[in-house]
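Enquirer: Just dropping this structure here.
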Amino acid sequence: DMFQLSAAPSKWDEAINAVVCGKSERVQLFDGSILALQQLRNKPEFKDTKVAAASSTTEPEYARKCMAWLEVQPGVKMNEVFGFCEIYCANKTKHFKALKASTGVAFEDMLFFDDCTYGDNCADVERGCPGVVTVKTPDGMTEAKWRQGLEKFAARKSSI
């Protein structure tokens, strides 16, 4: 989370695909995040998928800088995969309502992964934006959580 950084992102360390903040802090993507973003970008079954970020942070510029520097694969930065971003300090429900308006995607066609451990953003989104499929990732995005989300989304879509 950006609020935990002691300093603004200052450079990208290409050797380890990390954003350097301050003297020793590093921001890196979880392996599961890299896999998910690579699949969303490269697999034919996701070619029409709109990828969005919904981040509640007090440091939106830190987040944007990280997205501009971190690679999901060689030569492809995070911000090239995310077509829509709602990055500001607010309840996730506000983010999702804004994403629905900007993308034209209905709540029941959205899948949300959240790593928050100090609140329950998934419950907030489920209550405020009925139909969004949510997956908690308290230990960060893993391949297993990515697959769980895809399976949960597919199961929900087949039951409608």
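Just so it is clear, none of the values below were taken in a lab; they were calculated from the coordinates. This is a predicted model, so every value here is computed, not measured. Note that each Cβ is placed from the backbone with ideal geometry, even for glycine, and that neighbours are counted across all protein chains shown.
Enquirer: Quick query: amide H of ALA18 versus all other amide H atoms, modeled in the peptide plane; which residues come in under 5 Å with a sequence gap of 5 or more or a different chain?
Expert: When sequence neighbours closer than 5 places are left aside, the close amide H contacts are ASP13.
Enquirer: List the pairs from LYS50/LYS97; LYS65/LYS145; LYS11/LYS97 whose alpha-carbon separation is above 22 Å, in the order I gave them.
Expert: The pairs that break the limit, which is 22 Å between Cα atoms, are LYS65/LYS145; LYS11/LYS97.
Enquirer: Can you list which of the trypsin sites (Lys or Arg not before Pro) found in segment 85-160 are DSSP loop residues with at most 11 other C-beta atoms within 10 Å?
Expert: Filter output for segment 85-160: empty list.
Enquirer: Just to compare against my own numbers: the Cα pair-distance distribution for segment 63-160, 5 Å bins, whole % per bin, please.
Expert: Going from the shortest bin to the longest, the percentages are 2, 12, 18, 23, 25, 15, 4, 1.
Enquirer: Please give me, ordered by residue number, the chymotrypsin sites (Phe, Trp or Tyr not before Pro) of segment 102-149 that lie in loop per DSSP and have at most 10 other Cβ atoms within 10 Å.
Expert: Loop-located and lightly packed - TYR118.
Enquirer: Using 7 Å Cα-to-Cβ label points, what is the ALA144/THR49 separation (nm, one decimal)?
Expert: Those two pseudo-labels are separated by 2.0 nm.
Enquirer: If a paramagnetic tag sat 7 Å from the Cα of ALA90 along the Cα-Cβ line, which residues of segment 18-62 would have the backbone N under 17 Å from that point?
Expert: 52-61
Enquirer: Along the charge dipole of the chain, Cβ charges K/R +1 and D/E -1, which of ILE34, ILE87, PHE46 sits furthest on the positive end?
Expert: PHE46
Enquirer: I would also like to ask the following. What ³J(HN,Hα) values, in whole Hz, does the Karplus curve 6.51 cos²θ - 1.76 cosθ + 1.60 give for segment 47-54 when θ = phi - 60°, with x put for Gly and Pro?
Expert: Listing the rounded values in order: 4, 9, 6, 9, 9, 9, 10, 10 Hz.
Enquirer: How much length, in nm to one decimal, is gained on full extension between GLN73 and LEU111, taken as 0.36 nm per residue of separation minus their Cα-Cα distance?
Expert: Result: 11.4 nm gained on full extension.
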